[in-house]
Amino acid sequence: MAGAASVFGQGAITWGNSPTGFRAPIYGPQASDSTASVNGQSSLGTPTGSTVYSGPLLQGAGFTFAVFVGPSSVVDPNSLSLLVSTTFRTATGNILPAGLVLGSTVTVPGVDPGQQCKFQIRVWDNQGGTINTWAQVTPAVFSGVSPMITSAALGGIDPIGGGTVSTPATIGWTSFNIHNVPEPTTLALAGLGAAALMIIRRRK
């Protein structure tokens, strides 16, 4: 019976990037370098931070915010499974609530109340709803991820102790931006260009 509870357990977690006492807005690519990966709390975060993002706050249905989860024993992010996804809130400009999503409380399959899970936030440009899964995201697609985080004990009725466990939020990570990765051919061409410039300078 204990084994069955472990397999079919469903503790609860509250997901999102703006629960009470925590806020981690998500940003677009850096204005000067679309390949730059930036993470850390900005002045708009809670707790506040000093990380500077030159890209805009993400907003609207063109960007997907997804939460991936797995048992606390998971060490490879690729072993996590999609729990829930949504799109971003909108604003009249580059101001909050842009950068944020409306979350909710959901159960985590396979993890009992009172036990911890691993989770990771993944965000991507869904290109007009044509990229609907993380598996479709390529290096050319603007995307970003949080570190893999261990949650607090999931909420519900603990099957072992029988007590009620409060539902935790998906906190413990910071803001980040989406970015892309240059194709190998682009990197090679950039390298050749730099080498050519060095040769020309030496000849002068």
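The values are calculated or read from the model by the stated rules, or taken from the named source; none is laboratory data. Treat the numbers as computed from the prediction; the structure is a model and nothing was measured. No Cβ is skipped: glycine too gets one built from the backbone with ideal geometry, and neighbour counts run over all protein chains shown.
Which residue is surrounded by the fewest Cβ atoms within 10 Å (Cβ to Cβ), if the candidates are limited to segment 109-119 and must be of a type in the set (A, V, I, L, M, F, W, C) and in contact with a Pro (Cβ under 9 Å, 6 or more places away or on another chain)?
Of all residues in segment 109-119, those of a type in the set (A, V, I, L, M, F, W, C) come to 111, 117, 119.
Now drop any that are not in contact with a Pro (Cβ under 9 Å, 6 or more places away or on another chain), which leaves 111, 117.
Values: 111: 25, 117: 27.
Per the stated criteria, the residue is 111.
Considering segment 147-204 alone, what residues qualify as being part of a loop (DSSP other than H, G, I, E, B), hydrophobic (A, V, I, L, M, F, W, C) and modelled with pLDDT under 95?
Those that are part of a loop (DSSP other than H, G, I, E, B), hydrophobic (A, V, I, L, M, F, W, C) and modelled with pLDDT under 95: 160, 181.
Checking residue 103 against (1) in a loop (DSSP other than H, G, I, E, B); (2) touching a residue at least 24 places away in the same chain (Cβ under 8 Å); (3) among the small types (Gly, Ala, Ser); (4) over 30 Å from residue 163 (Cα atoms), only one condition comes out false. Which one?
Of the numbered conditions (1) in a loop (DSSP other than H, G, I, E, B); (2) touching a residue at least 24 places away in the same chain (Cβ under 8 Å); (3) among the small types (Gly, Ala, Ser); (4) over 30 Å from residue 163 (Cα atoms), the odd one out for residue 103 is (4).
Of the residues in segment 65-100, how many are in contact (Cβ under 8 Å) with a residue 40 or more places away in the chain and either surrounded by 19 or more Cβ atoms within 10 Å (Cβ to Cβ) or in contact with a Phe, Trp or Tyr (Cβ under 8 Å, 6 or more places away or on another chain) (or both)?
Selection size over segment 65-100: 16.
Checking residue 9 against (1) modelled with pLDDT of 95 or more; (2) surrounded by 15 or more Cβ atoms within 10 Å (Cβ to Cβ), only one condition comes out false. Which one?
Going through (1) modelled with pLDDT of 95 or more; (2) surrounded by 15 or more Cβ atoms within 10 Å (Cβ to Cβ) one by one, residue 9 breaks only (1).
Could you tell me which residue of segment 30-64 is nearest to the chain's Cα centre (by Cα), considering only residues that are buried (at least 19 other Cβ atoms within 10 Å of the Cβ) and not in a loop (DSSP other than H, G, I, E, B)?
64
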